[in-house]
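The values are calculated or read from the model by the stated rules, or taken from the named source; none is laboratory data. Just so you know, these numbers come straight off a predicted model, no measurement behind them. No Cβ is skipped: glycine too gets one built from the backbone with ideal geometry, and neighbour counts run over all protein chains shown.
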Amino acid sequence: MSTREQSAASNTIESREDLVRWIAAGEKPKADWRIGTEHEKFVFRTVTLDPVPYGGNDGIRALMEELIRRYGWVAIKEGENVIALKRPDGEKGGTISLEPGGQFELSGAPLETLHETAAETDEHLREVIDVGEDLAIGFLGVGFSPKWRLDQIPHMPKKRYQVMTRYMPTVGSRGLDMMYRTATVQVNLDFSSEADMVKKLRVSLALQPIATALFASSPFTEGRPNGFQSIRSEVWLDTDKRRTGMLPFAFEDGMGYERYVDYALDVPMYFVYRDGNYIDVAGASFRDFMAGRLPGFEGELPTVDDWSDHLTTLFPEVRLKRFLEMRGADGGRWGTITALSAFWAGILYDEAALDQAWNLVRDWTEEERQTLRADVPKTALATVFRNTTVANIARQALRISRTGLKNRARINAKNQDETVYLTPLEKIAGNGQTVSDELLRRYSGEWHGNIDRIFEEFAF
């Protein structure tokens, strides 16, 4: 989730049109389209396999401080707490941040090619593994904590998470699981115009359950099989229905920036950020804020930063800000991180591929899309859709993505194009076996029901 730094006040919002213009300002010509990859990892004690708390000589803060010392990262603080890292001023790079339960996230820089994405991922993982080894800390890439109970997981000292922790149980039964026990890989991609945004949003919403199936890696809860291929995805179905889901309005006539703004305005607020503090206004209306009627802020109008903050508290399957954020995948192992970015960049960043993808999904009904979203967490690639299976649709989507990446023709020093990063997904779709299938097979086989083996065999 986003990390906020204190800065000079931004402009005051004077009208709904200001909100629309803020999103529209994200439009970029194709030559400037970039790929931003985010990936989260569970952090655990390599000796006890317990989650790692924030404090102490071998805690999350110590991990971050050692990354600063060894690799030149710069601390971002809330009060005295280091809650994120960034590159020094003038240096390119992403940020490292903490999710509510200590999940360690790299929010990658916007990069031109998938080769750069792979190199960025490699560098980040080598750094954290290097530091982690000295602190007896390991990193696990799956979609849901496979062993720990919710009450065992430490809370990170980020103030926005305190607001969310209080509010989540009032709007769904799984919000705290989402915050503290899930991990994901996401990719952020650009658009050139309102029409381009709408087409990409529709395609990526429809195909998001296909990505969920391909990346399913969370079949365990508290040490036992939970009956799902992606419990992470299932958890989102009962987190907060007003700010999650498949956005059926995106497929209606008239969809555009204004329609998304109206949706966002109808989602209740979490907080207002002032002077380094997150002030709890959970459940309040941004429309009231714009009218100067927000309780506790009477007569005060929101700023552009307030609007930007509010958009980060929406969690649909695809999120629109000044770019599109793909949100359907479980956390994964080293090679599958870049694979997610490859899957979506191939589909969305080539016109011929985008047209093919739209032709694949354009006649899917709202009911079919929603049923697909509801069924995939349990049965993943085996999910039946119309007269076929999700595995077959995944193979079609991967062929489209491969076409798009070939057309991009971005070549690395080994004379490879970007299709090389699709290999893990093509293997999964080809044999119809997800990471969850592999985990369950090992659990019932050579692991003899011992979930601790996942920390040995699936850690980075």
| Does Arg322 satisfy the condition of being closer than 20 Å to Ser217 by Cβ, in contact (Cβ under 8 Å) with a residue 12 or more places away in the chain, surrounded by fewer than 23 Cβ atoms within 10 Å (Cβ to Cβ) and out of contact with any strand residue (DSSP E or B) (no Cβ under 6 Å at 6 or more places or on another chain)? | no
| query | If Phe289 satisfies every condition in (1) in contact (Cβ under 8 Å) with a residue 12 or more places away in the chain; (2) within 22 Å of Lys200 (Cβ to Cβ) but one, which is the exception? | reply | (2)
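For the range 446-455, does any single residue satisfy the condition of being under 25 Å from the mean Cα position of the chain (by Cα), more than 30 Å from Pro248 (Cα to Cα) and assigned to a helix (DSSP H, G or I)? It would help to see each step written out before you state the result.
First, pick out the residues of the range 446-455 that are under 25 Å from the mean Cα position of the chain (by Cα): 454-455.
Then keep just the ones that are more than 30 Å from Pro248 (Cα to Cα); that gives 454-455.
From the residues that got through so far, the ones that are assigned to a helix (DSSP H, G or I) too are 454-455.
Yes: one or more hits.
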| request: Tally the residues that are buried (at least 24 other Cβ atoms within 10 Å of the Cβ) and closer than 22 Å to Gly335 by Cβ, restricting the search to the range 210-242. | output: 14
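For the range 59-99, which residues satisfy the criterion of being in a strand (DSSP E or B), free of Cβ contacts under 8 Å to residues at least 40 places away in the same chain and over 16 Å from His155 (Cβ atoms)? So that I can check it myself, show each step before the final result.
Residues of the range 59-99 that are in a strand (DSSP E or B), as a first pass: 74-78, 81-86, 95-98.
With the extra rule that they be free of Cβ contacts under 8 Å to residues at least 40 places away in the same chain, the set shrinks to 74-75, 77, 82, 85-86, 96.
Of everything in the range 59-99, those that are in a strand (DSSP E or B), free of Cβ contacts under 8 Å to residues at least 40 places away in the same chain and over 16 Å from His155 (Cβ atoms) turn out to be Val74, Ala75, Lys77, Leu85, Lys86, Ile96.
Residues that are in contact with a helix residue (DSSP H, G or I) (Cβ under 9 Å, 6 or more places away or on another chain) and closer than 30 Å to Leu114 by Cα: which helices (runs of 4 or more DSSP H) entirely in the range 221-336 hold 2 or more of them?
On the way: elements: 231-236, 257-266, 286-290, 304-311.
The helices (runs of 4 or more DSSP H) meeting that bar are 231-236, 257-266, 304-311.
Of Ile400, Ile454, Ile428, which residue is over 22 Å from Gly141 (Cα atoms) and aliphatic (A, V, I, L, M)?
Values: Ile454 fails: over 22 Å from Gly141 (Cα atoms); Ile428 fails: over 22 Å from Gly141 (Cα atoms).
None of the others qualify; the one that does is Ile400.
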| task | Could you check Glu317 against (1) of a type in the set (Asp, Glu); (2) within 25 Å of the chain's Cα centre (by Cα); (3) surrounded by fewer than 21 Cβ atoms within 10 Å (Cβ to Cβ) and say which number it fails? | result | (3)
| request: Find all pairs meeting these conditions: Cβ atoms under 9 angstrom apart; at least six residues apart or on different chains; first residue within the range 416-433 and closer than 14 Å to Gly404 by Cβ; second residue at pLDDT below 95 and in a helix (DSSP H, G or I). | output: Tyr421/Gly335
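Which members of the range 356-395 meet the condition of being loosely packed, with under 14 Cβ neighbours inside 10 Å and at negative phi?
So the first thing to find is which residues in the range 356-395 are loosely packed, with under 14 Cβ neighbours inside 10 Å, and the list is 359, 362-363, 365-367, 384, 386-388.
Correct list: Asn359, Arg362, Asp363, Thr365, Glu366, Glu367, Val384, Asn387, Thr388.
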| message | Ala211 - would you say it is closer than 26 Å to Thr423 by Cβ and not in a helix (DSSP H, G or I)? | response | no
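Can Thr221 be described as within 15 Å of the chain's Cα centre (by Cα), within 20 Å of Arg174 (Cβ to Cβ) and not charged (D, E, K, R)?
Working: within 15 Å of the chain's Cα centre (by Cα): no; within 20 Å of Arg174 (Cβ to Cβ): yes; not charged (D, E, K, R): yes.
Considered against the rule, which asks whether it is within 15 Å of the chain's Cα centre (by Cα), within 20 Å of Arg174 (Cβ to Cβ) and not charged (D, E, K, R), Thr221 comes out as no.
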| field | Search result, residues across the range 396-415 that are without any contact (Cβ under 8 Å) to a residue 40 or more places away in the chain and at negative phi | value | Gln396, Arg399, Lys406, Ile411, Ala413, Lys414
| said: For the range 406-424, give me each residue that is part of a helix (DSSP H, G or I) and either under 22 Å from Glu351 (Cα atoms) or among the β-branched types (Val, Ile, Thr) (or both). | reply: Lys406, Asn407, Arg408, Glu418, Thr419, Val420, Tyr421, Leu422, Thr423
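Might you check whether a residue that is under 17 Å from the mean Cα position of the chain (by Cα), surrounded by fewer than 19 Cβ atoms within 10 Å (Cβ to Cβ) and closer than 28 Å to Leu340 by Cβ occurs anywhere in the range 100-109? Quick ask: steps written out before the conclusion?
Of the residues in the range 100-109, the ones under 17 Å from the mean Cα position of the chain (by Cα) are 100-109.
Then keep just the ones that are surrounded by fewer than 19 Cβ atoms within 10 Å (Cβ to Cβ); that gives 109.
Then drop every residue that is not closer than 28 Å to Leu340 by Cβ, which leaves 109.
Yes, that holds for at least one residue.
Looking at the range 180-205, which of the residues that are charged (D, E, K, R) and buried (at least 23 other Cβ atoms within 10 Å of the Cβ) is nearest to Ile393 (Cα to Cα)? Before you say what the answer is, go through the steps one by one.
Taking the range 180-205 and keeping what is charged (D, E, K, R), we get 181, 190, 194, 196, 199-200, 202.
Going one step further and asking which of them are buried (at least 23 other Cβ atoms within 10 Å of the Cβ), we end up with 181, 190, 200.
Working: Arg181: 29, Asp190: 25, Lys200: 18 Å.
In this case the residue turns out to be Lys200.
State the number of residues belonging to the range 116-171 that are β-branched (Val, Ile, Thr), part of a loop (DSSP other than H, G, I, E, B) and closer than 15 Å to Arg45 by Cα. It would help to see each step written out before you state the result.
Residues of the range 116-171 that are β-branched (Val, Ile, Thr), as a first pass: 117, 121, 128-129, 131, 137, 142, 153, 163, 165, 170-171.
Then keep just the ones that are part of a loop (DSSP other than H, G, I, E, B); that gives 142, 153, 171.
Now restrict to residues that are closer than 15 Å to Arg45 by Cα: 153.
Summing the residues that are β-branched (Val, Ile, Thr), part of a loop (DSSP other than H, G, I, E, B) and closer than 15 Å to Arg45 by Cα in the range 116-171 gives 1.
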